[in-house]
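The structure appears below as structure tokens.
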Amino acid sequence: MKFILFFILFINILFAKDVKDISLQLLWKHQFEFAGYYMAKEKGFYKEKNINVNFKEYKHSIDIVEDVQSGKSDFGIGYPNIILDYVNGANIKLIDAIFQSSPHILVTLDSSSIKTIKDFKNRNIMIEDDSIKTASILSMLYSNNIYLDDMKISKPSFNIDDLLNNKIDIFSSYLSNEIYYLKEKNLKYKIWNPKDYGFDFYNDILFTSDSFIKKNNQTVSDFKKASLKGWEYAFDNIEETVKIILEKYNTQNKSKKALIYEANILKELAYENGVKLGDIDKNKIQRIYDIYNLMGLVKNNININNILYRDVNLEDSTSLDFTKNEKEYLENNKIIKMCNNPNWAPIEFAKDNDMNNMRGVSIDTLKILEKRLDIKFENIPTKSWSESQQFLKDKKCDILPSAIKTKKREKYAIFTKPYLDYKLAIITQTKKPFVNSIEDILDKSIARKKDSGLIMKLKERYSNINILETKGYLESLQSVSNGEAYCTIATLPVVSYYINKFSINNLQIAGYTDMRYKLSIAVRDDKPILLDIFNKALSKITQKEKIDISERWVTVNIKEQVDYTFIRNILFVILIAILFLIYRHYLLKRSYKDLELLVKEKTKELRALNNNLEKRIKDEVKKNLMIQEQLFKSEKMVAIGEMIGNIAHQWRQPLSIISTATTGMKMQKELGILSDEFFIQSCDNINRNAQYLSQTIDDFRNFIKDDRVLSNFKLDKNIDNFLHLVDGPIKSNNINVIINIDKDIYLDGYFNELLQCYINIFVTIQHPSKQGS
């Protein structure tokens with residue numbers, strides 16, 4: 001027996017795998033924000049991969065990227081600004097992003113009377129002075145023409161009491177943390193989320209160094225898989241996870257309720273838009289980089305493909321890792337019964353009122369699940385959406401393909417992670433003004449389908465809102481079209497469907513609300529295993545599959561209103577500059593006449609001087625030359641005044657092309673139909689016209705230089721510069737310029753003075769009344 005036991009022990013030692021000790025540097029103090037890593041350790045997921053993980057709590061003196069690069073930590077969790085570290089030479093790779101949207105927001109109390117971002121001006125804001133970490137928030141502010149210089153800055157205390165005690169008006173916080181305490185105190189507040197203004201950043205990005213990957217690629221792969229498995233467990237078992245955090249990781253002494261609140265908020269951010277947990281989209285990384293670039297925080301270009309970690313050991317992205325019980329359930333339940341909304345085109349609807357012929361976005365999504373799961377969805381006909389909900393409640397069907405999660409429905413149904421997420425657009429007649437938010441139209445009539453859940457939400461938020469209830473979406477749109485209602489609120493797919501089907505051509509998207517429609521599959525509450533199966537299958541639907549479905553049902557034929565405030569501000573500044581130049585031109589012209597009289601007087605005096613006074617004559621000649629030079633400069637300023645108008649004319653078309661290209665890209669991106677071809681074509685147009693504007697500026701700058709240098713130059717280049725400067729009036733007056741000149745002619749002289757001669761001749765021809773002046 002001793003020999004046998006010794007032999008077994010020897011074999012185990014011989015074949016045992018070494019346990020790899022690694023360290024993970026956290027982004028902040030222990031809380032639910034890192035629950036997935038805790039649970040991967042506590043549930044043995046790391047141990048299964050022969051990994052032992054040491055968690056390093058954040059300290060203010062730590063530079064996480066530097067620690068990972070130097071090997072003090074093997075893995076780190078970072079803000080999206082680690083993209084800038086990569087640009088600046090850090091040898092790191094991004095492994096995954098746990099939160100698809102950043103929880104970093106601004107919050108104000110309703111008692112502060114702040115209604116819009118423009119009200120931030122002259123208010124006291126508590127925010128980090130590090131523009132890199134707060135780039136998404138600063139972008140939101142700058143896009144509304146509000147800058148840090150417009151506000152009073154207080155250094156972060158990370159204490160929400162400073163907001164409650166009115167020490168500050170605006171507080172930088174996390175959706176998952178400080179907001180809980182405001183809710184606990186029953187205070188009314190408003191959240192300012194950069195995501196709602198188009199600045200959607202990742203957060204809690206897991207990364208490591210290139211050198212660690214090269215030496216430990218299998219460990220990186222195993223750590224990623226085990227960590228994601230831990231996150232899935234943490235989100236699916238929030239109560240258990242919170243209990244473990246309270247016992248082992250609660251250095252901040254948070255309450256159980258606070259941790260549960262944090263967990264639910266972070267779960268929404270992790271699975272936002274129905275993406276796969278931890279997924280990083282290189283296009284989104286590019287957009288974040290572009291925002292940093294526009295803020296002047298980067299100087300180098302990056303290759304997105306090089307910043308992302310690629311797991312060579314990763315299985316096919318469409319493979320499904322089902323448990324034994326889940327596989328058995330699918331084998332024994334090939335038919336899944338569904339009840340639909342027969343009148344919700346294009347999300348789901350009965351074609352020609354045939355309940356056995358369901359169509360729409362959600363139905364196309366189920367068709368993908370049918371193929372992946374080898375099952376069949378069978379429709380149980382109902383007369384209405386209300387009846388479909390009742391059927392699910394009575395267990396007559398298994399699922400509702402597209403439903404919004406509400407407290408009332410949670411009494412009889414459980415919901416998958418949202419797989420459809422739409423912004424709610426504000427639709428008005430064309431030529432109506434731009435709408436920044438729903439607060440702008442509270443005094444207007446808003447048409448909306450009767451019994452809509454949105455009506456209840458709007459009335460809860462705005463007690464004085466004016467709702468015009470209609471029989472359906474078509475009647476709502478028609479009431480706006482004929483002027484009975486000022487606007488309606490709906491998702492873009494629904495609006496697009498009815499406008500195109502019924503040819504309602506006088507409507508536009510005037511703006512968006514801060515609310516979203518998040519649609520999930522509602523599952524009977526007695527079938528949690530089916531819910532888990534659907535969540536896994538939905539997470540494997542690719543971005544291309546989603547785009548294909550969207551393009552199939554969303555046909556854009558509606559104009560989106562553009563806020564021209566920024567353009568008007570630019571034009572106003574240009575107008576002021578032109579008026580200043582006109583006034584300057586007037587002063588110079590008057591000075592020119594005075595100088596001309598002075599020259600005549602000085603000439604008479606020179607003629608009367610004694611010819612023998614050679615020195616005096618030389619002095620007077622020198623003064624006269626200086627006056628002549630001033631006259632030349634005056635003439636040049638007159639010509640500059642003329643050219644300002646030419647340049648303004650030349651810039652109109654390039655600026656128009658740039659504006660059209662950027663607006664087109666923005667709209668197509670909002671709709672999810674921005675193609676690479678259109679994006680590249682638009683960027684080329686923008687670059688080409690920007691180069692044209694840049695060349696105009698260079699030519700104008702060279703012309704107005706005050707230096708008078710004798711040089712040897714080519715005559716054809718001199719003429720080309722002249723033609724570029726007067727390109728605007730040449731085109732606007734349909735002048736055909738014929739150039740017939742030897743390109744090998746060189747001149748010794750003053751380049752700009754000859755250029756001015758051409759301009760004087762051109763101005764005289766263009767304005768005959770100036771002949772002889």
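Quick check on the stretch 261-275: of everything there that is of a type in the set (A, V, I, L, M, F, W, C) and part of a helix (DSSP H, G or I), which residue is surrounded by the most Cβ atoms within 10 Å (Cβ to Cβ)?
Within the stretch 261-275, the subset of a type in the set (A, V, I, L, M, F, W, C) is 263, 265-266, 269-270, 275.
If we keep only those that are part of a helix (DSSP H, G or I) too, we end up with 263, 265-266, 269-270.
Working: ALA263: 22, ILE265: 19, LEU266: 27, LEU269: 19, ALA270: 23.
Across the stretch 261-275, the extreme among qualifying residues is LEU266.
Pull out all pairs, ordered by first then second residue, where Cβ-Cβ is under 7 Å, the residues are six or more apart or on different chains, the first lies in the stretch 375-398 and is over 28 Å from LYS471 (Cα atoms), and the second is open to solvent by 80 Å² or more (accessible area, probe 1.4 Å).
These pairs meet every condition: LYS376/ILE335; GLU378/ILE335; GLU378/LYS337; ASP398/LYS337.
Look at the stretch 218-260 and say how many of its residues are assigned to a helix (DSSP H, G or I) and open to solvent by less than 70 Å² (accessible area, probe 1.4 Å). Please lay out each step first, then the result.
Step one: list which residues in the stretch 218-260 are assigned to a helix (DSSP H, G or I), which gives 218-236, 238-248, 256-260.
If we keep only those that are open to solvent by less than 70 Å² (accessible area, probe 1.4 Å) as well, we get 219-228, 230-231, 233-235, 238, 240-242, 244-246, 258-260.
Total meeting the criteria: 25.
So if I check each of ASP74, ASP96, ASP85, which one is among the charged types (D, E, K, R), open to solvent by less than 40 Å² (accessible area, probe 1.4 Å) and farther than 14 Å from GLN25 by Cα?
Details: ASP74 fails: farther than 14 Å from GLN25 by Cα; ASP85 fails: open to solvent by less than 40 Å² (accessible area, probe 1.4 Å).
Answer to the selection: ASP96.
Among the numbered criteria (1) open to solvent by 10 Å² or more (accessible area, probe 1.4 Å); (2) over 23 Å from ASP210 (Cβ atoms); (3) in contact with a Lys or Arg (Cβ under 9 Å, 6 or more places away or on another chain), which single criterion is violated by GLY36?
The failed condition is (1).
Quick one: is ILE368 among the β-branched types (Val, Ile, Thr), surrounded by fewer than 18 Cβ atoms within 10 Å (Cβ to Cβ) and in contact (Cβ under 8 Å) with a residue 60 or more places away in the chain?
Details: among the β-branched types (Val, Ile, Thr): yes; surrounded by fewer than 18 Cβ atoms within 10 Å (Cβ to Cβ): no; in contact (Cβ under 8 Å) with a residue 60 or more places away in the chain: yes.
Answer is no for this residue.
Pull up the stretch 276-298, narrow it to residues that are open to solvent by 30 Å² or more (accessible area, probe 1.4 Å) and part of a helix (DSSP H, G or I), then point me to the one that is farthest from SER139 (Cα to Cα).
LYS282
Please go through the stretch 514-531 and give me each residue that is surrounded by 20 or more Cβ atoms within 10 Å (Cβ to Cβ) and farther than 30 Å from ILE117 by Cβ, ordered by number.
Across the stretch 514-531, the qualifying residues are SER520, ILE521, ALA522, VAL523, ARG524, LEU530, LEU531.
So, in the stretch 470-511, how many residues would count as being within 30 Å of the chain's Cα centre (by Cα) and of a type in the set (Gly, Ala, Ser)?
Counting residues in the stretch 470-511 that are within 30 Å of the chain's Cα centre (by Cα) and of a type in the set (Gly, Ala, Ser) gives 4.
Given the condition at pLDDT 85 or above and farther than 30 Å from TYR197 by Cβ, answer yes or no: does some residue in the stretch 287-300 qualify?
No, the stretch 287-300 has no match at all.
A quick yes/no check of all residues on (1) closer than 11 Å to THR428 by Cα; (2) modelled with pLDDT under 90; (3) aromatic (Phe, Trp, Tyr); (4) not in a strand (DSSP E or B):
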position	(1), (2), (3), (4)
GLU475	no, no, no, yes
GLN478	yes, no, no, yes
GLY483	yes, no, no, yes
VAL495	no, yes, no, yes
ILE499	no, yes, no, yes
SER503	no, yes, no, yes
TYR512	no, yes, yes, no
LEU530	no, no, no, yes
LYS536	no, no, no, yes
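What about LYS215, is it farther than 16 Å from LYS276 by Cβ, open to solvent by 10 Å² or more (accessible area, probe 1.4 Å) and either basic (Lys, Arg) or more than 27 Å from the chain's Cα centre (by Cα) (or both)? Break it down into steps so the answer makes sense when it comes.
Numbers: farther than 16 Å from LYS276 by Cβ: yes; open to solvent by 10 Å² or more (accessible area, probe 1.4 Å): yes; either basic (Lys, Arg) or more than 27 Å from the chain's Cα centre (by Cα) (or both): yes.
Here the answer is yes, as LYS215 does meet what is asked.
Every residue in the stretch 334-355 that is under 32 Å from the mean Cα position of the chain (by Cα) and in a loop (DSSP other than H, G, I, E, B), please. Spell out how you get there, then give the answer.
Keep residues of the stretch 334-355 that are under 32 Å from the mean Cα position of the chain (by Cα), which gives 344-348.
Across the stretch 334-355, the qualifying residues are ALA345, PRO346, ILE347.
Only one of these is farther than 29 Å from ALA270 by Cα and not polar (S, T, N, Q): LYS327, LYS284, LYS371, LYS334. Name it. Steps first, answer last, please.
Values: LYS327 fails: farther than 29 Å from ALA270 by Cα; LYS284 fails: farther than 29 Å from ALA270 by Cα; LYS371 fails: farther than 29 Å from ALA270 by Cα.
Answer to the selection: LYS334.
Could you please find all residues in the stretch 194-222 being of a type outside the set (Ser, Thr, Tyr) and farther than 27 Å from TYR174 by Cα? Steps first, please.
Filtering the stretch 194-222 for residues of a type outside the set (Ser, Thr, Tyr) gives 194-196, 198-201, 203-207, 210, 212-218, 220, 222.
The answer is ASP210, PHE212, ILE213, LYS214, LYS215, ASN216, ASN217, GLN218, VAL220, ASP222.
Does the stretch 422-443 hold any residues that are touching a Phe, Trp or Tyr at 6+ places or on another chain (Cβ under 7 Å) and either surrounded by 16 or more Cβ atoms within 10 Å (Cβ to Cβ) or under 19 Å from LEU492 (Cβ atoms) (or both), and which are they? I'd like the intermediate steps shown before the answer.
Our first condition is that a residue be touching a Phe, Trp or Tyr at 6+ places or on another chain (Cβ under 7 Å); within the stretch 422-443, this holds for 422-426, 428, 441-442.
TYR422, LYS423, LEU424, ALA425, ILE426, THR428, ILE441, listed by residue number.
For the condition part of a helix (DSSP H, G or I), modelled with pLDDT of 65 or more and crowded, with 16+ Cβ neighbours inside 10 Å, what is the one hit in MET637, MET643, MET626, MET667?
Working: MET637 fails: modelled with pLDDT of 65 or more; MET643 fails: modelled with pLDDT of 65 or more; MET626 fails: crowded, with 16+ Cβ neighbours inside 10 Å.
It is MET667.
Would it be correct to say that TYR197 is modelled with pLDDT under 95 and open to solvent by less than 40 Å² (accessible area, probe 1.4 Å)? Walk me through it before giving the result.
Working: modelled with pLDDT under 95: yes; open to solvent by less than 40 Å² (accessible area, probe 1.4 Å): no.
Against the criterion (modelled with pLDDT under 95 and open to solvent by less than 40 Å² (accessible area, probe 1.4 Å)), TYR197 does not qualify.
Please indicate, with yes or no, whether at least one residue in the stretch 168-186 is without any contact (Cβ under 8 Å) to a residue 60 or more places away in the chain and open to solvent by less than 60 Å² (accessible area, probe 1.4 Å).
The answer is yes, given that some residue of the stretch 168-186 is without any contact (Cβ under 8 Å) to a residue 60 or more places away in the chain and open to solvent by less than 60 Å² (accessible area, probe 1.4 Å).
ILE153 - would you say it is of a type outside the set (Asp, Glu), within 29 Å of the chain's Cα centre (by Cα) and open to solvent by 20 Å² or more (accessible area, probe 1.4 Å)?
Details: of a type outside the set (Asp, Glu): yes; within 29 Å of the chain's Cα centre (by Cα): yes; open to solvent by 20 Å² or more (accessible area, probe 1.4 Å): yes.
Here the answer is yes, as ILE153 does meet what is asked.
The values are calculated or read from the model by the stated rules, or taken from the named source; none is laboratory data. Because the structure is predicted, anything quoted here is derived from the model rather than measured. Virtual Cβ from ideal backbone geometry, glycine too; neighbours counted across all protein chains shown. Ligands, DNA and RNA are stripped out before the accessible areas are found, and what is left, the full protein with its side chains, is counted by its heavy atoms. Shrake-Rupley method; radii C 1.70, N 1.55, O 1.52, S 1.80 Å.
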